[in-house]
1. Just check region 52-100 against the gyration tensor rule for me: Cα atoms, a ≥ b ≥ c as the square roots of the eigenvalues, rounded for a/c under 1.5, and otherwise prolate or oblate depending on whether a/b exceeds b/c.
2. To the nearest Å, what is the center-to-center distance of region 109-149 and region 21-60, using C-alpha atoms only?
3. Can you pull the one-decimal nm distance between simple spin-label points at residue 82 and residue 141, each 7 Å off the Cα toward Cβ?
4. What is the helix-to-structure angle for 18-28, meaning the angle in degrees between its Cα long axis and the longest Cα principal axis of the chain, kept from 0 to 90 and rounded to the nearest 10?
5. Could you line up 146, 39 from fewest to most neighbouring Cβ atoms inside 10 Å?
6. In a Gaussian network model over the chain where Cα atoms closer than 10 Å are linked, find which of 51, 26, 95 has the largest mean-square fluctuation.
7. Just to verify a number: FRET efficiency for residue 119 and residue 38, C-beta to C-beta distance, R0 = 22 Å, to 0.05?
8. Suppose each label sits 7 Å from its Cα in the direction of the beta carbon; what would the residue 133-residue 50 distance come out to in nanometres?
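All of the numbers you see were taken from the coordinates with simple rules; none came from a lab. Note that this is a predicted model, so its numbers are computed, not measured. Every residue, glycine as well, gets a Cβ built from its backbone with ideal geometry; the counts of neighbours run over all protein chains shown.
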């Protein structure tokens, strides 16, 4: 099983979409193993977006992600990174398919509701930024035998 990082961004929180994001992940069969609401401080934001530090939009990313509370979560399941990226949709909501979170709820690339790790390596890095190991739970859900062979 893989674990990946998902964050409902400030626009998603302000629009009341946290439950909808969680609902879509859980209905697919993914399991939430870590969940918390936080207000990201600038230092963490800069580390989270460090790959974009040289890009002209870096400062606006940091300013935006620190502008309000977010909901951070760790989701577990078979091929979780790929599955979550498919549920979330393309980064630019104008290119995201209907039925995806961004396709259904986003209009602007700068307000695209949710972040999801784009690789297993990114997931591991992002999980470690937002969660301590003891904050992640190992448990079995009663329905797992009906989700996986």
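1. prolate
2. 11 Å
3. In this crude spin-label approximation the distance works out to 2.0 nm.
4. Between the helix axis and the principal axis of the chain, the angle is about 40 degrees.
5. The order, fewest Cβ neighbours first, is 146, 39.
6. Judging by the Gaussian network model, the answer is 51.
7. 0.45
8. 2.0 nm
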